[in-house]
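Just so you know, all these numbers are worked out from the coordinates, no wet-lab data involved. Being a predicted model, the structure only gives us computed values, none of them experimental. In this analysis, Cβ positions are derived from the backbone assuming ideal geometry, glycine residues included, and neighbour counts consider all displayed protein chains.
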Amino acid sequence: MKVTALNQIHKDLGAKMVPFAGFEMPVQYSGVNHEHMVVREGVGVFDVSHMGQFFVKGAEAKKLLQHVFTNDVEKVAVGQAQYTCMTNEDGGIVDDLIIYKFADDNWLLVVNASNIDKDFEWINRHNSWDVTVENKSDEYSLLAIQGPKAIESMQSLTDENLSNIPFYHFKSARFADVDDVIISATGYTGSGGFEIYFKNQDAVHIWNKVMEAGKDYGIEPCGLGARDTLRLEKGYCLYGNDINDEITPLEAGLGWITKLDTDFVGKDKIAAQKEAGVSRKLIGFKLTERGIPRNGYKIVDEYENTLGVVTSGTQSPVLKEGIGLGYVHRDFAKTDTTIFIQVRDKILGATVVKLPFV
């Protein structure tokens, strides 16, 4: 199993460590609900160094990226990030990711940890241009500093005005006495903050500086458990749960990052699906009875006929209600539709709701 450069620090802090995407990762420190609220109300820091980093360089880089990504890379300005996905020939999602533009001929792609090898092979398979794609995942660390107090707590570590970095934009700057740190106004929690990228050799130093700078703001380390509940409250998809190679962006509610006026792999299948209409859709739902929905639970109608399946579920720490995502036939996907979740031997009532939950 792989470890991040901060593995020993997590163990010293008493984190509960679990296997995740081939890495030993901290799932929680003080408790998922507590860490969740630290991020919603203050500032928390996640080690997400398991994520993959590919650098794409060359005069024809945009041509390659436009071919493999569903979103329109022509719309990305220097210093801007973009959420996008890659689809296969059948329109299924190979991965969802964030791309960063340093220049027309210089891009960074940040991919899901479980898909690093698959994505690298996929992009290279479709690289028929004079473009180099380098997998630097093992060289970089990544911290997500998230929450409404992220800006004020981290400002002392850099001369770059953090308030001036718009959402989904980034700067390369000196941070915590380290040069060329990528400071990105992105994240997976919906509570604001930054993701910062740097070389592994600087990881312990930067972690310590971040914790020191955030001390007066109540900063705490947070694990993958809270990361999951935070993203679920915002209705963000998790690869492997809510999206995969057999689900299209239109089914997953990702039509907004799927630009059919560009020419990407799988476009024809997705265009045909848009014309015909999807047969299943990703929904958000709230339980109307006490219980916690989980991945794999059946979604049924009042007669217990199967409508679909739960892909993500939890007890929302903010709402104190059971919430979840899942796929159902489009006839049952309308807001306020009554559905039922089979929780072990019980059938619990639920209502389809508009996302996000929080």
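Numbers below:
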read-out: Neighbour-count order for 86, 17, fewest beta carbons within 10 angstrom listed first; value: 17, 86
read-out: Under 19 Å from the Cα of residue 215 - aspartates and glutamates, other chains or at least 8 residues apart; value: 12, 35, 41, 47, 152, 177, 195
read-out: Cut-off 19 Å, label 7 Å out along Cα→Cβ of residue 338, residues of the range 261-289 by amide N; value: 284-289
read-out: Alpha-carbon centroid distance for the pair the range 2-22 / the range 228-248, whole angstrom; value: 23 Å
read-out: Residue order, fewest to most beta carbons within 10 Å, for 256, 129, 207; value: 256, 129, 207
read-out: Long-range HN-HN contacts of residue 4 with modeled amide H, under 5 Å; value: 24
read-out: Total charge dipole magnitude, the range 279-353, about the Cα centre, Cβ charges on Lys, Arg, Asp, Glu only, Debye to nearest 20; value: 260 debye
read-out: Sequence-distant lysines (8 or more away, or on other chains) whose Cα lies within less than 18 Å of residue 259; value: 62, 63, 75, 267, 269, 274
read-out: The range 341-356 - phi-based ³J(HN,Hα) in whole Hz, Karplus 6.51/-1.76/1.60, Gly and Pro as x; value: 10, 7, 9, 6, 9, 10, 10, 10, x, 8, 10, 5, 10, 7, 8, x
read-out: Ranked by how many other beta carbons lie within 10 Å on average, peptides 239-252, 261-274 from highest; value: 239-252, 261-274
read-out: Förster radius 35 Å - calculated FRET efficiency between residue 105 and residue 204 (Cβ-Cβ, nearest 0.05); value: 0.55
read-out: Cα gyration tensor shape of the range 95-198, rounded if a/c is under 1.5, else prolate or oblate by comparing a/b with b/c; value: prolate
read-out: For the range 25-30, 3J(HN,Hα) per residue [Karplus equation, 6.51 cos²θ - 1.76 cosθ + 1.60, θ = phi - 60°, Hz, x = Gly/Pro]; value: 10, x, 8, 6, 10, 9
read-out: Where the Cα pairs of the range 293-358 fall when distances are cut into 5 Å bins, in %; value: 4, 18, 31, 28, 14, 4, 0
read-out: Magnitude of the charge dipole, the chain, Cβ model with Lys/Arg +1 and Asp/Glu -1, debye to 20; value: 820 debye
read-out: Inter-part distance where the range 288-336 and the range 97-173 are each reduced to a Cα centre, Å; value: 33 Å
read-out: Rounded to whole Hz, the Karplus (6.51, -1.76, 1.60) HN-Hα couplings of the range 34-46, x for glycine and proline; value: 5, 4, 4, 6, 4, 6, 5, 10, x, 7, x, 10, 10
read-out: MRE, 222 nm, helices only [DSSP H, n ≥ 4, -39500 (n - 2.57), over the chain, to nearest 500]; value: -5500 deg cm²/dmol
read-out: Estimated FRET transfer efficiency when R0 is 22 angstrom, pair residue 78-residue 155 (beta carbons, to 0.05); value: 0.40
read-out: Rg and Dmax of the range 18-71, Cα atoms only, in Å; value: 17.8, 48
read-out: Under 22 Å from the Cα of residue 286 - lysines, other chains or at least 8 residues apart; value: 234, 298, 320, 334, 346, 354
read-out: Cα gyration tensor category, rounded, prolate or oblate, for the chain with a/c compared to 1.5; value: oblate
